[in-house]
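For reference, the structure discussed in these notes is given below.
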Amino acid sequence: MDLDVARRGLDSQPFSRLLGARLTEFGDGAATLELDIRDELKQQNGFLHGGVVAYAADNALTFAAGTVLGPALLTAGFTIDYLRPAVGVTLRARAVVVQAGRARATCRCELYTVDASGETTLCAAAQGNARVPASK
């Protein structure tokens, strides 16, 4: 699976299209997902909603796992730590595989906001697992 195939997979997810998510990196045990921070995705204090940050972590983790396990994956679970409020123009989630077997991969993800000048700020960190679904 290459970046173009992965992008088509992301585009097949209606929620990802709604958020405007895009894959900017995919391969060699890593994946990067980005989305524009817009008013409709913010919470009442003007920060990017935590659910959007969690979505980005979840999808980046699973796409990173897909680089070693293939496209038929499910998230098995993940945890996220919100480190500071997410403000800026772009959210960038970069995930890497830290261990993989035949049917399960553990990944880490760092989430950054990018401001108008291109400066990045770490806003969250996540770790999770993706697995190949059990046969019926």
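The values are calculated or read from the model by the stated rules, or taken from the named source; none is laboratory data. Note that the structure is predicted; figures quoted are calculated from it, not measured. As a convention, Cβ positions derive from the backbone with ideal geometry for all residues, glycine included, and neighbour counts pool all protein chains shown. With ligands, DNA and RNA removed, areas are computed over all heavy atoms of the protein, side chains included. Shrake-Rupley method; radii C 1.70, N 1.55, O 1.52, S 1.80 Å.
Could you list log10 I(q)/I(0) for the stretch 23-136 at q = 0.12, 0.17, 0.21, 0.22 Å⁻¹, which the Debye formula gives when each Cα is one point scatterer? For the stretch 23-136 at q = 0.12, 0.17, 0.21, 0.22 Å⁻¹, log10 I(q)/I(0) is -0.40, -0.74, -1.01, -1.08. One decimal place: the segment Asp39-Val89 gains 17.0 nm when fully extended, by the rule 0.36 nm per residue minus the C-alpha distance. Only helices enter the 222 nm calculation for the chain: every DSSP H run of n ≥ 4 contributes -39,500 (n - 2.57), and dividing by all residues gives -8000 deg cm²/dmol, rounded to 500.
What relative contact order, as a whole-number percentage, does the stretch 1-125 give when Cα pairs under 8 Å and 6 or more residues apart are counted? Before the final figure, lay out the partial values.
On the way: 248 pairs, mean separation 29.3, N = 125.
About 23 percent, as a whole number.
Where does each of Phe15, Phe47 land when they are ordered by accessible area, with a 1.4 Å probe and the largest first?
Working: Phe15 110, Phe47 70 Å².
Reading off the accessible areas and sorting them downward yields Phe15, Phe47.
Ignoring ligands, DNA and RNA, what percent of the 1.4 Å accessible area of the chain is carbon and sulfur? Accessible surface attributable to carbon and sulfur in the chain totals 50 percent.
Counting only other residues whose beta carbon sits under 11 Å from that of Asp11, what net charge do I get with K and R as +1, D and E as -1?
On the way: positive: Arg7, Arg8, Arg17, Arg22; negative: Asp4.
Here the charged neighbours net out to +3.
Looking at the chain, the accessible area is 54 square angstrom per residue; that uses a 1.4 Å probe and ignores ligands, DNA and RNA.
3J(HN,Hα) along the stretch 110-119: 10, 10, 10, 9, 10, 8, 4, 8, x, 6 Hz, from the Karplus curve 6.51 cos²θ - 1.76 cosθ + 1.60 with θ = phi - 60°, whole Hz, x for Gly and Pro.
Of Asp39, Asp58, which has the most accessible area with a 1.4 Å probe, and how do the rest follow in descending order? List each step's numbers first, then the result.
Details: Asp39 115, Asp58 45 Å².
The ranking, largest first, comes out as Asp39, Asp58.
Sort Leu83, Leu41 by heavy-atom solvent-accessible area, probe 1.4 angstrom, most to least.
Details: Leu83 90, Leu41 15 Å².
From most accessible down to least: Leu83, Leu41.
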